[in-house]
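The values are calculated or read from the model by the stated rules, or taken from the named source; none is laboratory data. These numbers come from a predicted model, not from an experiment. All Cβ positions, glycine included, derive from the backbone under ideal geometry; neighbour counts span all protein chains shown.
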Amino acid sequence: MDPFNTLTGIAAPLPLINIDTDMIIPKQFLKTIKRTGLGVNLFDEMRYDDDRNEIPTFVLNKPQYRDANILVTGENFGCGSSREHAPWAIKDFGISCVIAPSYADIFYNNCFKNGILPIVLPQEQVDVLMKDAEKGANARISIDLEAQTITNSEGEVFSFEVDAFKKHCLMNGLDDIGLTMEKVAAIDTFESTAAQSRPWV
Amino acid sequence: MSPKTLYDKIWDAHVAHEADDGTCLLYIDRHLVHEVTSPQAFEGLRMTGRTVRAPDKTIAVPDHNVPTTLDRADATTMTEDSRIQVEALDKNAKDFGIHYYPVSDVRQGIVHIVGPEQGWTLPGMTVVCGDSHTATHGAFGSLAHGIGTSEVEHVLATQTLIQRKGKNMKVEITGKLAPGVTAKDITLTVIGKTGTAGGTGYVIEYCGEAIRDLSMEGRMTVCNMAIEGGARAGLIAPDEKTFDYVKGRPHAPKGAQWEAALNWWKTLYSDDDAHWDKVITIKGEDIAPVVTWGTSPEDVLPITANVPAASDFTGGKVDAAQRSLEYMGLTPGTPLSEVEIDTVFIGSCTNGRIEDLRAAAAILKGKKVKDGLRAMIVPGSGLVRAQAEEEGLADIFKEAGFEWRLAGCSMCLAMNPDQLSPGERCAATSNRNFEGRQGRGGRTHLMSPAMAAAAAITGRLTDVRELM
Ligand code: SF4
């Protein structure tokens with residue numbers, strides 16, 4: 001996994017609440033057996049018309065946001081299914097940071113496993129960044145994960161919270177499985193105790 | 001000992017390791033796998049030379065994009081990419097030696113229906129699957145939730161999940177339900193009240209007389225939609241009904257092990273003075289047969305209500321409601337019972353069990369589907385299908401004009417050819433009414449099987465009580 005440390009870039013504004021994983025990546029694109037290549041279908045049904053032409057008014061189709069690497073959006077982002085194709089599509093498009101007032105649980109977790117930083121900020125601060133993002137490509141936003149800060153184009157600084165363990169893994173690009181394997185003795189012990197106490201499992 | 005909730009008890013029994021910061025390795029008793037969210041996880045194992053740690057606790061079944069038409073044994077009815085996914089699961093199951101129910105097996109079906117049916121899901125277990133509706137298994141008093149594909153790989157390799165404990169939420173449904181009101185109406189009403197983010201960060205325990213009165217099938221319907229309320233998992237304490245359901249199933253314990261299991265299962269309830277972070281109480285008699293009008297499962301109203309206006313809402317919901325109304329092609333003020341439909345879909349892991357089919361058949365017996373309407377019943381598993389045929393339900397459906405399909409997810413998420421066309425309106429017993437969920441531009445109204453059957457007869461959203 002790519003380590004995440006600092007990021008400066010273009011933020012695309014998507015001011016909708018309850019964006020679900022079907023909107024992020026519709027199911028017809030879940031038939032892949034790979035993790036890559038989903039970026040062209042990110043937000044597919046909002047992004048293309050029935051003839052597969054781009055809908056020019058959709059934010060990621062506007063020239064100034066084509067290279068966006070940050071997404072600013074509304075509450076409960078990523079609700080719906082557990083499909084990891086949603087963060088895969090976001091990452092494959094080139095976005096590695098999402099800023100929203102809240103997220104659905106599973107999506108939030110999935111982001112960290114794919115080198116995406118999902119930042120939670122209070123609604124008022126998201127509103128400020130949303131306005132900033134609406135200014136277009138010149139309004140660059142900087143994120144510093146180590147310092148846990150966001151700096152907008154006006155130089156305003158916002159701090160955010162993130163779980164220390166998740167931050168550590170993200171900053172070092174650590175693979176969860178490798179970390180867990182280091183605790184295999186604990187798992188072995190648990191398993192043999194459980195085999196006695198709950199043999200039917 | 002300090003009092004504990006049911007969730008606390010199951011959690012405590014499964015912590016294999018706890019770090020100083022409270023991050024835990026939770027041991028997983030059952031890992032269910034399907035074709036859509038697993039190929040990348042198995043690919044990851046191969047790339048790193050890892051194996052499946054506990055193949056005997058891992059169960060796979062293809063369900064999401066298998067065709068449900070009667071000719072599906074002919075592989076050409078599957079699109080190329082679907083076929084590749086199913087074949088990948090066939091191969092992965094074989095290579096890694098996990099339990100498998102292939103498409104050709106009568107026990108095949110939707111993973112959340114197959115698990116309980118085969119006795120894989122038992123009280124007090126931890127159950128995960130790369131699918132958010134894993135919450136269904138909570139009906140047995142097991143801690144069950146959906147995970148992403150990276151976590152699928154993590155569980156395959158380590159039989160554990162990195163987790164932090166969630167908060168406890170109690171949803172109590174008191175008293176009795178009125179006639180015509182079902183488990184689906186309970187679960188939709190709860191989401192209508194809490195919103196789709198109301199349960200985020202919580203594990204919900206459903207309790208109260210109305211929940212106790214439900215069959216195991218009904219309890220699965222309630223827990224299934226915990227995720228639509230934002231909660232990762234929903235739970236119901238096991239009782240005699242649970243034990244009766246489990247007993248004798250192929251993978252349930254037997255003999256002395258059964259007695260030992262039962263002894264432990266009987267301790268699985270929330271202590272009287274346990275701490276709850278959030279409590280919601282709803283009177284059973286206040287719940288009406290409901291339908292959804294919008295594109296979020298929280299957009300719930302009694303069937304006797306009218307289509308709302310965006311101005312009835314506040315905050316971000318005003319724009320969202322406006323967008324929903326436009327997408328759904330609905331005019332504020334229209335009685336919901338006048339909204340005409342084109343399609344009826346009865347099935348899914350929410351309502352594809354035998355009791356659901358019985359409820360639909362009770363309404364459809366001797367009646368006909370309205371002319372021009374497409375109506376489809378997709379049983380949740382091959383065994384549900386066989387039982388419905390034995391009980392004569394299949395004949396009722398066929399005589400009424402329903403298509404009688406083979407088991408799978410089908411039009412719940414429309415990954416196979418069962419899809420809505422743009423603008424088509426569907427009365428569905430599934431769990432999600434998101435934009436495009438049942439096909440691009442398709443319009444979904446969620447409801448109970450009895451309500452969907454009633455809609456099939458009249459061709460519009462219908463109060464089932466009119467037909468009872
Ligand atoms: S029936 Fe629908 S909700 Fe259930 S597992 Fe299948 S696709 Fe998911």
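Observations, loosely collected:
- Here the helices (runs of 4 or more DSSP H) wholly within the range B:177-237 that include at least 3 residues being β-branched (Val, Ile, Thr) are B:183-194.
- Whichever residue in the range A:92-118 is within 13 Å of chain B (Cβ to nearest Cβ) and among the β-branched types (Val, Ile, Thr) and, among such residues, is nearest to the chain's Cα centre (by Cα): A:116
- One residue stands out in the range B:18-65 among those that are within 16 Å of the ligand (Cβ to nearest atom) and hydrophobic (A, V, I, L, M, F, W, C): the one that is nearest to residue B:415 (Cα to Cα), namely B:36.
- Hits in the range B:1-16 - residues which are closer than 11 Å to residue B:163 by Cα and without any contact (Cβ under 8 Å) to a residue 40 or more places away in the chain: B:15
- The numbered conditions (1) more than 28 Å from residue B:57 (Cβ to Cβ); (2) part of a loop (DSSP other than H, G, I, E, B); (3) hydroxyl-bearing (Ser, Thr, Tyr) are all true for residue B:281 except (2).
- The one condition from (1) within 16 Å of the ligand (Cβ to nearest atom); (2) assigned to a loop (DSSP other than H, G, I, E, B) that residue B:426 does not meet is (2).
- Test: residue in the range B:392-411 that is touching a strand residue (DSSP E or B) at 6+ places or on another chain (Cβ under 7 Å), under 16 Å from residue B:433 (Cα atoms) and in a helix (DSSP H, G or I): yes
- Unique match (being in contact (Cβ under 8 Å) with a residue 12 or more places away in the chain and either small (Gly, Ala, Ser) or over 28 Å from residue A:64 (Cβ atoms) (or both)) among A:143, A:119, A:106: A:106
- First in the range B:137-164 and free of Cβ contacts under 8 Å to residues at least 24 places away in the same chain and in the same structural domain as residue B:38 (by TED's automatic domain parsing), second anywhere and among the basic types (Lys, Arg) and assigned to a strand (DSSP E or B), Cβ under 7 Å, 6 or more apart: none
- Check on residue B:85, more than 8 Å from chain A (Cβ to nearest Cβ), more than 30 Å from residue B:165 (Cβ to Cβ) and within 15 Å of the ligand (Cβ to nearest atom): no
- When the range B:191-213 is filtered for residues that are in contact with a helix residue (DSSP H, G or I) (Cβ under 6 Å, 6 or more places away or on another chain) and more than 14 Å from chain A (Cβ to nearest Cβ), the ones remaining, listed by number, are B:205, B:206, B:210.
- If you check B:388, B:400, B:454 for being closer than 18 Å to residue B:218 by Cβ and either crowded, with 21+ Cβ neighbours inside 10 Å or assigned by TED's automatic domain parsing to the domain that holds residue B:348 (or both), only one passes: B:388.
- Residue match in the range B:328-351 (condition: within 16 Å of the ligand (Cβ to nearest atom), under 24 Å from residue B:169 (Cα atoms) and not assigned by TED's automatic domain parsing to the domain that holds residue B:11): yes
- Only one of the numbered conditions (1) part of a helix (DSSP H, G or I); (2) more than 21 Å from residue B:407 (Cβ to Cβ) is not met by residue B:93, and that is (2).
- Members of the range A:119-135 found to be within 11 Å of chain B (Cβ to nearest Cβ) and part of a loop (DSSP other than H, G, I, E, B), listed by number: none
- Matching residues in the range B:385-423 - criterion: being more than 16 Å from the ligand (Cβ to nearest atom), more than 14 Å from every other protein chain (Cβ to nearest Cβ) and touching a Gly at 6+ places or on another chain (Cβ under 7 Å): none
- Inter-residue pairs, beta-carbon under 7 Å, first over 26 Å from residue B:116 (Cβ atoms) and in the range B:24-46, second part of a helix (DSSP H, G or I) and within 16 Å of the ligand (Cβ to nearest atom), 6+ apart: B:40/B:149
- Residues that are within 7 Å of chain B (Cβ to nearest Cβ) and either of a type in the set (Phe, Trp, Tyr) or free of Cβ contacts under 8 Å to residues at least 24 places away in the same chain (or both) within the range A:147-180 comprise A:164, A:165, A:177, A:180, listed in sequence order.
- Within the range B:130-144, considering residues that are part of a helix (DSSP H, G or I) and within 16 Å of the ligand (Cβ to nearest atom), the one nearest to residue B:8 (Cα to Cα): B:138
- Residue in the range A:83-91 that is buried (at least 24 other Cβ atoms within 10 Å of the Cβ) and farther than 26 Å from residue A:6 by Cβ present: yes
- Exclusive hit being away from the ligand (no atom under 16 Å from the Cβ), under 22 Å from the mean Cα position of the chain (by Cα) and not in a loop (DSSP other than H, G, I, E, B), set B:127, B:155, B:114: B:155
Rundown of residues vs (1) modelled with pLDDT under 95; (2) within 14 Å of chain B (Cβ to nearest Cβ); (3) surrounded by fewer than 16 Cβ atoms within 10 Å (Cβ to Cβ); (4) within 25 Å of residue A:136 (Cβ to Cβ), yes/no style:
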| site | (1), (2), (3), (4) |
| --- | --- |
| A:7 | no, no, no, yes |
| A:18 | yes, yes, no, no |
| A:27 | yes, yes, no, no |
| A:34 | yes, yes, yes, no |
| A:45 | yes, yes, no, yes |
| A:59 | no, no, no, yes |
| A:68 | no, no, no, yes |
| A:71 | no, no, no, yes |
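- Failed condition for residue B:174, given (1) among the hydroxyl-bearing types (Ser, Thr, Tyr); (2) in contact with a Cys (Cβ under 8 Å, 6 or more places away or on another chain); (3) at pLDDT 95 or above: (2)
- Subset of the range B:16-64 [among the aliphatic types (A, V, I, L, M), at the interface with chain A (Cβ under 8 Å from one of its Cβ atoms) and in contact with a Phe, Trp or Tyr (Cβ under 9 Å, 6 or more places away or on another chain)]: B:16, B:19, B:25
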